[in-house]
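Below you'll find the structure, written out as structure tokens, and then a few comments.
The values are calculated or read from the model by the stated rules, or taken from the named source; none is laboratory data. Note that the structure is a prediction, hence the values are computed from the model and not measured. FYI the Cβ positions are ideal-geometry reconstructions off the backbone, even for glycines, and counts take in every protein chain you see.
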Amino acid sequence: MNKKLLVASLMLVAVTGAFAQNMTAKQQYAADSKRATQRYNEDKKLCADAGSSAARMQCLRDAKAEYNTSLAVAKQNMSKPVAAPVNARVEPVCADCGKVVSVEVKDKEGEGGALGVIAGGVAGAILGNQVGNGTGRDLATIAGAAGGALAGHKIEQKVKTTKVWNVTVAFDNGNRQTYVFDHEPVMMSGDAVRANGNSIVRR
């Protein structure tokens, strides 16, 4: 019966530990006492089947000792502070992770080069030269060349206009950044992304 007593005590401690987080100290003691009483009653029934009166008496003494030990363990556990539940592991914030909050398409004017300035200037000078005569013609030629150069520059910029995609990302660490793509990105608002060098990629 000594082995039986030890096993019962260990089982009581294990069960107590499993339920301790969800019970108050008094509730825990009441539950442990109830289990000890049920076990004691079962042991007394087993003792009744012993072969002799001496064996029955020894069995009852052992059962009583086991019951008393179980109650002592229950009282000891009641005096211990109830363990606080272990919080789930908090994952560190991914500084490179975020979500797309907007995707905007815009026109980006091209850079005008010398070709547009020269062509526009020549065309403007020719047209200006056909206005008036003498000094007036010279002034018109100069004005036409200047105006033509400016117009040619603007026309070249418009011809070289391209589309760009501005993708704004809100990162998990609170930062917000906009990335510019010269082609349509395969992304939309709400997509999970992460920083990759000077750009972003889907997660």
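Could you please find all residues in the stretch 61-78 being over 54 Å from the mean Cα position of the chain (by Cα) and surrounded by fewer than 16 Cβ atoms within 10 Å (Cβ to Cβ)?
Of everything in the stretch 61-78, those that are over 54 Å from the mean Cα position of the chain (by Cα) and surrounded by fewer than 16 Cβ atoms within 10 Å (Cβ to Cβ) turn out to be ARG61, LYS64, ALA65.
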### Query
Does any residue of the stretch 94-108 turn out to be at pLDDT below 65, assigned by TED's automatic domain parsing to the domain that holds GLY174, under 30 Å from PRO185 (Cβ atoms) and surrounded by 14 or more Cβ atoms within 10 Å (Cβ to Cβ)?
no
